[in-house]
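For reference, the structure is listed below as structure tokens.
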Amino acid sequence: MKTGTVTIVGRPNVGKSTLLNALLKEKIAIISDKPQTTRTRILGVVHLADAQIVLLDTPGLHQAKDRLNQRMVRTAVETMREADLLYVMVEATAAPGPGDRFVIEQVREAISAGGRPAFLLINKVDLVSKPRVLPLIESYRTMMDWNEVVPLSAQTGLNVDRLLELTVKALPEGDPVYGEDVVTDQSMRTLAAEIIREKILQKTREEVPYSVAVEIDRFVEEGKLARIAATVLVEKESQKAIVIGKRGERLKAIGTYARIEMERLFGLKVFLELWVKVRPAWRQDELMLTELGY
């Protein structure tokens with residue numbers, strides 16, 4: 001039996017959470033086209049006949065400015081130290097840039113500290129022609145000595161099974177850490193908050209996503225019904241107006257889509273109430289960040 005921990009790292013928006021969901025064949029990480037969607041470490045467990053792979057999705061590594069982003073980057077760096085293996089994700093659609101080089105610098109430090117192997121994962125190869133991939137691989141090979149290089153598409157599933165095979169070979173022998181029914185360590189409260197935030201990211205303009213957080217005020221299970229009350233936090237009155245929308249239509253749509261996804265994931269009927277409140281500069285408030293779980 002092979003058992004080990006794999007940390008997924010990369011710059012923002014390269015597809016780390018999409019890969020996590022693809023490997024698990026279950027959606028436990030929210031996804032959007034906005035960078036920095038993932039704000040905390042997310043654990044997922046892949047159960048195979050001969051292996052248990054504990055995956056750790058991380059916030060995108062970047063040059064952080066506000067305190068929220070500083071915490072996100074710190075989380076990603078610390079999570080690398082927990083790993084038996086690192087997945088380092090880049091995109092096939094662009095040559096290595098400053099963001100990718102910053103990630104590889106962080107990975108190089110983590111490897112030198114712990115001697116752990118690293119796979120380079122070139123994501124989104126379905127969006128480019130094959131002749132473009134080989135020069136890209138060579139560019140990244142000059143930066144680091146990778147244990148494996150895997151071109152793949154987290155979106156379509158291309159080479160995801162091949163990645164699992166290589167991962168099992170690279171992991172140490174050991175007994176399973178989690179029971180077969182465990183897919184993630186995230187609570188239903190956490191999942192509910194993240195699902196609501198995902199729907200906000202999908203339904204709002206560029207100004208809003210980075211300034212939004214969701215706090216679950218009440219989560220009560222009554223038989224096959226879950227009653228959930230949540231507060232959406234923004235930093236400005238203008239952002240509040242955007243989230244609510246004309247005559248409350250956008251907030252209603254956010255709530256509807258969030259409720260439908262929760263019902264699918266939880267296997268419960270969901271009654272969801274949403275409010276929107278302004279909390280100026282919450283991303284710089286250390287106490288608030290802690291309360292929100294960041």
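The values are calculated or read from the model by the stated rules, or taken from the named source; none is laboratory data. Because the structure is predicted, anything quoted here is derived from the model rather than measured. When we count neighbours, we look across all protein chains shown, and the Cβ atoms used for this are built from the backbone with ideal geometry, even at glycine.
Considered as a group, the residues in the stretch 219-234 that are surrounded by fewer than 11 Cβ atoms within 10 Å (Cβ to Cβ) and assigned to a strand (DSSP E or B) include one that is farthest from the chain's Cα centre (by Cα), and that residue is E222.
Scanning the stretch 19-33 for residues that are under 19 Å from T75 (Cα atoms) and either in a loop (DSSP other than H, G, I, E, B) or not aliphatic (A, V, I, L, M) (or both) yields I28, A29, I30, I31. Please tell me if K224 is over 18 Å from K203 (Cα atoms) and either touching a Leu at 6+ places or on another chain (Cβ under 7 Å) or assigned by TED's automatic domain parsing to the domain that holds R41 (or both). Criteria met by K224. Applying the criterion of being within 20 Å of Y87 (Cα to Cα) and of a type in the set (G, A, S) to the residues of the stretch 45-74, the residue that is modelled with the lowest pLDDT is G60. Scanning the stretch 134-160 for residues that are over 20 Å from the mean Cα position of the chain (by Cα) and assigned to a helix (DSSP H, G or I) yields L134, P135, L136, I137, E138, S139, Y140, R141. Of the residues screened, R141 is not one that is more than 30 Å from I260 (Cα to Cα), of a type in the set (K, R), surrounded by 16 or more Cβ atoms within 10 Å (Cβ to Cβ) and free of Cβ contacts under 8 Å to residues at least 40 places away in the same chain. Of the residues A226, A281, the single one that is more than 24 Å from Q186 (Cα to Cα) and either touching a Gly at 6+ places or on another chain (Cβ under 6 Å) or aliphatic (A, V, I, L, M) (or both) is A281.
For the stretch 87-124, a tally of residues being part of a helix (DSSP H, G or I), touching a helix residue (DSSP H, G or I) at 6+ places or on another chain (Cβ under 9 Å) and among the charged types (D, E, K, R) returns 2.
Scanning the stretch 1-42 for residues that are closer than 15 Å to K199 by Cα, surrounded by fewer than 21 Cβ atoms within 10 Å (Cβ to Cβ) and touching a helix residue (DSSP H, G or I) at 6+ places or on another chain (Cβ under 6 Å) yields K27, I31, S32, K34. Just give me the residues in the stretch 241-258 being on the phi > 0 side of the Ramachandran plot and part of a helix (DSSP H, G or I), in sequence order. Those that are on the phi > 0 side of the Ramachandran plot and part of a helix (DSSP H, G or I): R247, G248.
Residue-wise test of (1) aliphatic (A, V, I, L, M); (2) surrounded by 14 or more Cβ atoms within 10 Å (Cβ to Cβ).
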residue: H62; (1), (2): no, yes
residue: R74; (1), (2): no, no
residue: E78; (1), (2): no, no
residue: L85; (1), (2): yes, yes
residue: V88; (1), (2): yes, yes
residue: E91; (1), (2): no, yes
residue: P96; (1), (2): no, yes
residue: R101; (1), (2): no, no
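Evaluation of V45 against the conditions (1) of a type outside the set (S, T, N, Q); (2) out of contact with any Phe, Trp or Tyr (no Cβ under 6 Å at 6 or more places or on another chain); (3) surrounded by 20 or more Cβ atoms within 10 Å (Cβ to Cβ) shows that the sole unmet condition is (2).
Scanning the stretch 75-83 finds no residues that are part of a loop (DSSP other than H, G, I, E, B) and among the β-branched types (V, I, T). Residue-level check: of (1) in a helix (DSSP H, G or I); (2) not assigned by TED's automatic domain parsing to the domain that holds L287, S238 misses just (2).
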